[in-house]
Amino acid sequence: MSFPNVSDIVATTIQSRSKKIADNVTKNNALLTWIERGGNVKPISGGNVIFQELSFAENGNAGWYSGYDLLPVAAQDVISAAQFDIKQAACPVVISGLEQLQNAGREQMIDLLEGRIANAESTMANLLAGGLYSDGTGSGGKQVTGLDAAVPVNPATGTYGGIDRSTWSFWRSVTQSGNTESATTIQGRMNLLWSQLVRGIDRPNLIVADPVMWGFYMASLQAIQRFTSPDKAQLGFPTIQYMDADVVLDGGIGGFATTKTMYFLNTKYLHYRPHSARNMVPLAPNKRYAINQDAEVQIIGWAGNLTCSGSKFQGRFISS
């Protein structure tokens, strides 16, 4: 006979794996891994939008003085916040009545569910990984607001995080484009973009490349110049160095990296904001029955977004 509490098994199996699923989503994506290592995975707990605080101007009271000079103490409006919608994703795990009958016994049922939950886990990881490169307009505006919005082709137009880039220059990223790159030209162009993204100790710490740009950069390096990071390689991301930033290939089989593009990212100003109550967990512990089918469903759910607090520290290098 079939195990009578199959829905309980589905829910508890997903629940027991939910932390692992959430962790795998982060670990299996280069961008999220670097954000996590920088301490910028910050869950939200509620609200209708995600507020990302940012500093947009210097304090005008700063200056030189001598002796008894009066010091300015005028109120300064230097802090604001970008606003990001909460995006949602889900992957249902379904088991039919026939499969319940065919998989009699608790152990057999768990084996079946483990396989399907593992598949749902990788599916959700891929869904979010693809979303991290999007502009947030996919699926009718329901997709994650990714790098194509944070670091667009034209950074002087459009609204991002509720801030109009055509009006506020501090909210513009930097784009380097126009040439057909090769192994002989790529380093010079990377140098030019890098120099526009450095402010004191603030500089890109992660460069994410598609296979084309990765190939150009690799070909431009002499064997003695190739520096890898054993620490990063242990995370599953073989890296080479440019300046002191890790250069990571995010492409290959099933990759989502934007074609002929390198993103120069300062992950200090990028934030992964999953909802604390909806981070790869079952949406409900109760049984879900299809109305007109002999089947039961449990749904792995996620909610949140990718946010930014410093667009001007992010760059995009495009080869035509």
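Of all residues in region 85-99, those that are more than 24 Å from V49 (Cβ to Cβ) have Cβ atoms under 7 Å from Cβ atoms of residues that are assigned to a strand (DSSP E or B) and charged (D, E, K, R), 6 or more apart or on another chain, in I95/E296. Listed by first and then second residue, the pairs with beta-carbon distance under 7 Å, at least 6 apart or on different chains, first residue in region 40-65 and farther than 17 Å from V144 by Cα, second assigned to a loop (DSSP other than H, G, I, E, B) and modelled with pLDDT of 85 or more, are E53/S309; L54/S309; L54/G310.
Residues that are part of a loop (DSSP other than H, G, I, E, B), modelled with pLDDT under 90 and surrounded by 14 or more Cβ atoms within 10 Å (Cβ to Cβ) occur at least once in region 219-227. Please verify whether region 173-185 includes one or more residues that are out of contact with any strand residue (DSSP E or B) (no Cβ under 6 Å at 6 or more places or on another chain), among the small types (G, A, S) and at pLDDT 95 or above. Looking through region 173-185, at least one residue is out of contact with any strand residue (DSSP E or B) (no Cβ under 6 Å at 6 or more places or on another chain), among the small types (G, A, S) and at pLDDT 95 or above.
Find the residue count for region 166-185, including only residues that are in a loop (DSSP other than H, G, I, E, B) and of a type outside the set (D, E). Talk me through it step by step, then tell me what you get.
Within region 166-185, the subset in a loop (DSSP other than H, G, I, E, B) is 166-168, 172-173, 177-185.
Keeping just the survivors that are of a type outside the set (D, E) gives 166-168, 172-173, 177-180, 182-185.
The total comes to 13.
All told, G130 falls short of being modelled with pLDDT of 85 or more, buried (at least 21 other Cβ atoms within 10 Å of the Cβ) and within 23 Å of Y269 (Cα to Cα).
Is it true that G67 is farther than 27 Å from I207 by Cα, surrounded by fewer than 13 Cβ atoms within 10 Å (Cβ to Cβ), modelled with pLDDT of 75 or more and touching a strand residue (DSSP E or B) at 6+ places or on another chain (Cβ under 9 Å)? No, not satisfied. Applying the criterion of being touching a residue at least 24 places away in the same chain (Cβ under 8 Å) and within 17 Å of T259 (Cα to Cα) to the residues of region 146-164, the residue that is surrounded by the fewest Cβ atoms within 10 Å (Cβ to Cβ) is V153. Can you name every residue in region 186-204 that is in contact (Cβ under 8 Å) with a residue 24 or more places away in the chain, more than 22 Å from the chain's Cα centre (by Cα), outside any helix (DSSP H, G or I) and farther than 20 Å from A149 by Cα? Matches in region 186-204: R199 only.
When region 280-320 is filtered for residues that are touching a helix residue (DSSP H, G or I) at 6+ places or on another chain (Cβ under 8 Å), crowded, with 21+ Cβ neighbours inside 10 Å and of a type in the set (S, T, N, Q), the ones remaining, listed by number, are Q298, S311, Q314, S319.
Any residue at all in region 232-249 that is exposed (fewer than 12 other Cβ atoms within 10 Å of the Cβ), assigned to a helix (DSSP H, G or I) and either at pLDDT 85 or above or on the phi < 0 side of the Ramachandran plot (or both)? The answer is yes; a qualifying residue exists.
Sort out which residues of region 149-172 are among the aromatic types (F, W, Y) and in contact with a strand residue (DSSP E or B) (Cβ under 7 Å, 6 or more places away or on another chain), and write them in order of number.
Going through region 149-172, the residues among the aromatic types (F, W, Y) turn out to be 160, 168, 170-171.
Once the filter is applied, which keeps residues that are among the aromatic types (F, W, Y) and in contact with a strand residue (DSSP E or B) (Cβ under 7 Å, 6 or more places away or on another chain), region 149-172 yields only W171.
Within region 138-168, the set of residues being within 24 Å of the chain's Cα centre (by Cα) and of a type in the set (G, A, S) comprises G138, S139, G140, G141, G146, A149, A150, A156, G158, G161, G162.
Determine if region 204-217 includes at least one residue that is of a type in the set (G, A, S) and at pLDDT below 75.
For region 204-217, residues of a type in the set (G, A, S) and at pLDDT below 75: absent.
Scanning region 134-145 for residues that are surrounded by fewer than 15 Cβ atoms within 10 Å (Cβ to Cβ) and part of a loop (DSSP other than H, G, I, E, B) returns T137, K142.
Annotation: L32 fulfils all but one of (1) in contact with a Lys or Arg (Cβ under 9 Å, 6 or more places away or on another chain); (2) at pLDDT 65 or above; (3) crowded, with 19+ Cβ neighbours inside 10 Å; the unmet one is (1). Taking the criterion of being out of contact with any helix residue (DSSP H, G or I) (no Cβ under 8 Å at 6 or more places or on another chain), more than 12 Å from Y242 (Cβ to Cβ) and either of a type in the set (F, W, Y) or surrounded by 12 or more Cβ atoms within 10 Å (Cβ to Cβ) (or both), the residues of region 193-206 that qualify are Q196, V198.
Quick one: count up the residues across region 35-48 that are assigned to a helix (DSSP H, G or I) and crowded, with 19+ Cβ neighbours inside 10 Å. If you could, list the steps in order and put the result at the bottom.
Pass one, region 35-48, residues assigned to a helix (DSSP H, G or I): 35-37.
Right, trim to crowded, with 19+ Cβ neighbours inside 10 Å and you get 35.
So the answer is 1.
The values are calculated or read from the model by the stated rules, or taken from the named source; none is laboratory data. Predicted model, so just to flag it, every value in this text is computed and none were measured. Cβ coordinates were reconstructed from backbone atoms using ideal geometry, including for glycine residues, and neighbour counts include every protein chain displayed.
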